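Asks: Got a structure here, written out as structure tokens. Questions coming.
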Amino acid sequence: MKVTENDVTYVADLANLELTDSERQRMAKDLSSILGYIDMLNELDTRDVEPLAEVASKFAGNQSSGSERFAYAMRADKVLPGLPHEAAMQNAPDTDGTYFKVPKVIEK
Amino acid sequence: MNIERMTIEAARDLVARKQTTATTLAESFYKKIEAEDPRIGAYLALSRERAFAKASEIDRLAADGAPLPPLAGVPVGIKDVLMTKGIVTTAGSKILKNFKAPYDCTAVARLEQAGAVILGKLNCDEFAMGSSNENSGYHPVHNPHDLTRVPGGSSGGSAASVAAGMAVATLGSDTGGSIRQPAAFCGVVGLMPTYGRVSRYGLIAFASSLDHIGPFTHTVKDAAIMLGVIAGRDPLDSTSADVPVPDYVAEVGRPVKGMKIGVPDEYFAEGLDAEVRAAVEKSIDDLRSAGCEIVKIKLPSTKYAIPTYYIVATAEASSNLARFDGVRYAYRAEGAATLSEMYRRSRDEGFGAEVKRRILLGTYALSAGYYDAYYLKAQRVRTLLAREFEAAFAQVDAILTPTTPTPAFKLGEKTDNPLEMYLNDIFTVTADLVGIPGISVPCGKTRAGLPIGVQLLGKHFDEGTLFRVASAVEHAAS
């Protein structure tokens, strides 16, 4: 699976990573190698196999289907204390005390 | 007082019998850390204030003759991917260099409520991504058995600190083998509980369907004690299971006669180091002598586990690490003119190479046009793996394999080739993908003195069986 530097740029944009030129080169090489290895999954016939995204819902007492499977993860719609504002702000790089401050969003 | 191989029971006993105080114990461990850690590099930060506050509290209880909790005075270390309120928590990354955790991880809080004294935060591969602790944003960790070698990863600091007597027990995390593999490399016990057995609240997320928190200890019994303290439903983690916590310690030392142990061919193929093979085969013989029936089983999709893992884990990671954008916490690049530039540069400057590689791989696997071929495909292979284990566990009570294909390798040996590094996880990743528990127990050493670990895998929520069989292996190997 050949990953080009353009592919890397496209994916880096999606992931919000400002790669340097040498990083881009290196990543193209690494990703090609790793994806080449991953191609072996095509040896397996999975046409009639359900995907497994997580195992947690398998062990809930209630074994219904669809979104009912996740009923165990629900709670009453009650307001409970959350993270205090001060705690949430304590690691902020730039704040006016109330909000997080960031550079302006400039439309191109 | 020999603290090097001190167990949880021994530590607590000394405090309970007033043969020492929790404060003295903490001081002894800090002295040991000062003496040993400059060579090893296991700790990123020490939490003396918190440690001595807890130790004083335990000492007051002991002086009053009040009943002592199960981990009273026991000095523990915490992997730096776990939040510890008020203490800098970095996940081994420069991007979180000065980040003070605003809350405690549930597992950490439970340990502390049980009396444990938190010594400090342990070094690890950045965001738990790695198999050698060489991806730490700070410094690598050296294997206490041979300082030129890696301790394993990503929980290298957690494993090394127990091995070197710088903590009685530690917490680590396992997503693809990051507890079991370093446990094997460092000659300690490492337990990965069933997915959902231990709350993940407060674990800085790498891959949410694969992450597990678990203990490193000197003995199987200590691992059982630790699990009993941290396991159980947590309303703060909706994936934590509402399954009762049994008495794990009661399983330790129970006879294994008549139990069926599955040995899969696929884990004993070429590429397995000869000395590892010999040590693991000796453990199999020991279990046979103890009355176990050894059953050959097949897990044909084993070789597909690594590619499956590197799609699922990286895809989930690309989503989980999106939160590091420089807005609310963590590193923010200076002088960014626009919001977009701030996001892009903060992330590129703050993350290390391996993290970026995995984010890119995961983003690629999820991107339009590739989602079906990669992510969805990997999820289907995950089902195949799950079915194979289900079929195997219909025949056997536990599965035995080597934990790693080789003993600890040299620092720098595998850093040039990411794929070669990934192959270290070959025996450990399947358990993460299917959510079953696994434990690594030391079963011998190579001629050069490097530890070898044997892995036992169990059915979902059947850690009791694991402790029972593991203690038989441990007993025979001692």
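Asks: Collect the residues in the range A:24-39 that are within 8 Å of another protein chain (Cβ to nearest Cβ) and crowded, with 18+ Cβ neighbours inside 10 Å, keeping them in residue-number order.
Replies: Scanning the range A:24-39 gives A:Met27, A:Asp30, A:Leu31, A:Ile34, A:Leu35, A:Ile38.
Asks: Is there a residue in the range A:68-86 that is under 30 Å from B:Ile306 (Cα atoms), more than 7 Å from every other protein chain (Cβ to nearest Cβ), assigned to a helix (DSSP H, G or I) and free of Cβ contacts under 8 Å to residues at least 60 places away in the same chain?
Replies: Scanning the range A:68-86, I find at least one residue that is under 30 Å from B:Ile306 (Cα atoms), more than 7 Å from every other protein chain (Cβ to nearest Cβ), assigned to a helix (DSSP H, G or I) and free of Cβ contacts under 8 Å to residues at least 60 places away in the same chain, so the answer is yes.
Asks: For the range B:90-117, which residues satisfy the criterion of being out of contact with any helix residue (DSSP H, G or I) (no Cβ under 7 Å at 6 or more places or on another chain) and under 22 Å from B:Phe29 (Cα atoms)?
Replies: Listed by number, the residues that qualify are B:Val108, B:Ala109, B:Gln113, B:Ala116.
Asks: Here's something else I'd like to know. If a residue has to be surrounded by 13 or more Cβ atoms within 10 Å (Cβ to Cβ) and more than 8 Å from chain B (Cβ to nearest Cβ) to count, how many in the range A:40-57 make the cut?
Replies: 1
Asks: Related question: Can you tell me which residues in the range A:87-108 are more than 20 Å from B:Glu334 (Cβ to Cβ) and either charged (D, E, K, R) or in contact (Cβ under 8 Å) with a residue 60 or more places away in the chain (or both)?
Replies: Within the range A:87-108, A:Glu107, A:Lys108 meet the criteria.
Asks: Here is a further query. Within the range A:25-43, is there a residue that is assigned to a helix (DSSP H, G or I) and more than 27 Å from B:Ala305 (Cα to Cα)?
Replies: yes
Asks: So if I check each of B:Met166, B:Met129, which one is at pLDDT 95 or above, more than 30 Å from B:Asp59 (Cα to Cα), in contact with a Lys or Arg (Cβ under 6 Å, 6 or more places away or on another chain) and of a type outside the set (Gly, Ala, Ser)?
Replies: Result of the check over B:Met166, B:Met129: B:Met129.
Asks: Name the residue, out of B:Glu9, B:Glu4, that is in contact (Cβ under 8 Å) with a residue 60 or more places away in the chain, out of contact with any Leu (no Cβ under 9 Å at 6 or more places or on another chain) and assigned to a loop (DSSP other than H, G, I, E, B).
Replies: None of the others qualify; the one that does is B:Glu4.
Asks: Take the range B:455-478 and flag every residue that is of a type in the set (Ser, Thr, Tyr) and touching a residue at least 12 places away in the same chain (Cβ under 8 Å).
Replies: Hits for the range B:455-478 are B:Thr465, B:Ser471.
Asks: Another one. Output the residues belonging to the range B:185-203 that are within 19 Å of B:Thr446 (Cβ to Cβ) and either at pLDDT below 95 or over 13 Å from the mean Cα position of the chain (by Cα) (or both).
Replies: B:Gly187
Asks: Being surrounded by fewer than 14 Cβ atoms within 10 Å (Cβ to Cβ) and in contact with a strand residue (DSSP E or B) (Cβ under 7 Å, 6 or more places away or on another chain) is the filter here, so list the residues in the range B:266-312 that pass it.
Replies: Correct list: B:Arg288, B:Lys296, B:Lys298.
Asks: From B:Tyr103, B:Tyr138, which residue is aromatic (Phe, Trp, Tyr), part of a loop (DSSP other than H, G, I, E, B), touching a strand residue (DSSP E or B) at 6+ places or on another chain (Cβ under 7 Å) and farther than 16 Å from B:Arg12 by Cβ?
Replies: B:Tyr138
Asks: Considering only residues that are at pLDDT 95 or above, closer than 23 Å to B:Val396 by Cβ and among the aliphatic types (A, V, I, L, M), which ones fall in the range B:226-271?
Replies: Within the range B:226-271, B:Leu227, B:Ala250, B:Val252, B:Val256, B:Met259, B:Ile261, B:Val263 meet the criteria.
Asks: Can you confirm whether the range B:317-335 contains a residue that is hydroxyl-bearing (Ser, Thr, Tyr) and buried (at least 24 other Cβ atoms within 10 Å of the Cβ)?
Replies: no
Asks: Okay, moving on. Just for the range B:356-396: of the residues that are over 23 Å from B:Pro418 (Cβ atoms) and among the basic types (Lys, Arg), which one is surrounded by the fewest Cβ atoms within 10 Å (Cβ to Cβ)?
Replies: B:Arg387
Asks: Residues of the range B:230-248 being touching a strand residue (DSSP E or B) at 6+ places or on another chain (Cβ under 9 Å), under 22 Å from B:Ala470 (Cβ atoms) and charged (D, E, K, R), which ones?
Replies: Of everything in the range B:230-248, nothing turns out to be touching a strand residue (DSSP E or B) at 6+ places or on another chain (Cβ under 9 Å), under 22 Å from B:Ala470 (Cβ atoms) and charged (D, E, K, R).
Asks: Out of curiosity, is B:Asn135 out of contact with any Phe, Trp or Tyr (no Cβ under 8 Å at 6 or more places or on another chain), crowded, with 23+ Cβ neighbours inside 10 Å, closer than 25 Å to B:Glu354 by Cα and at pLDDT 95 or above?
Replies: Spelling it out, B:Asn135 is indeed out of contact with any Phe, Trp or Tyr (no Cβ under 8 Å at 6 or more places or on another chain), crowded, with 23+ Cβ neighbours inside 10 Å, closer than 25 Å to B:Glu354 by Cα and at pLDDT 95 or above.
Asks: Let me ask something additional. Restricted to the range B:188-227, and to residues that are buried (at least 24 other Cβ atoms within 10 Å of the Cβ) and of a type in the set (Phe, Trp, Tyr), which residue is nearest to B:Arg382 (Cα to Cα)?
Replies: The extreme case among them is B:Tyr195.
Asks: With B:Gly41, B:Gly73 as the choices, which residue is crowded, with 16+ Cβ neighbours inside 10 Å and under 19 Å from B:Ser158 (Cβ atoms)?
Replies: B:Gly41
Asks: Separate question: Just the residues that are facing another protein chain (nearest Cβ under 8 Å), assigned to a helix (DSSP H, G or I) and within 13 Å of B:Ile95 (Cα to Cα), please, taken from the range B:314-343.
Replies: Those that are facing another protein chain (nearest Cβ under 8 Å), assigned to a helix (DSSP H, G or I) and within 13 Å of B:Ile95 (Cα to Cα): B:Ala322, B:Tyr343.
Okay, residues lined up against (1) of a type in the set (A, V, I, L, M, F, W, C); (2) closer than 29 Å to A:Met89 by Cβ; (3) surrounded by fewer than 24 Cβ atoms within 10 Å (Cβ to Cβ); (4) at pLDDT below 95:
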{"residue": "B:Lys54", "(1), (2), (3), (4)": "no, yes, yes, no"}
{"residue": "B:Asp59", "(1), (2), (3), (4)": "no, no, yes, no"}
{"residue": "B:Ala91", "(1), (2), (3), (4)": "yes, yes, no, no"}
{"residue": "B:Lys94", "(1), (2), (3), (4)": "no, yes, yes, no"}
{"residue": "B:Ala114", "(1), (2), (3), (4)": "yes, no, yes, no"}
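Asks: Sticking with this one: Somewhere in the range B:86-93, is a residue away from chain A (no Cβ under 14 Å), touching a residue at least 24 places away in the same chain (Cβ under 8 Å) and under 17 Å from the mean Cα position of the chain (by Cα)?
Replies: Yes: the range B:86-93 contains one or more residues that are away from chain A (no Cβ under 14 Å), touching a residue at least 24 places away in the same chain (Cβ under 8 Å) and under 17 Å from the mean Cα position of the chain (by Cα).
The values are calculated or read from the model by the stated rules, or taken from the named source; none is laboratory data. Treat the numbers as computed from the prediction; the structure is a model and nothing was measured. Cβ atoms come from the backbone with ideal geometry, glycine included; neighbour counts cover every protein chain shown.
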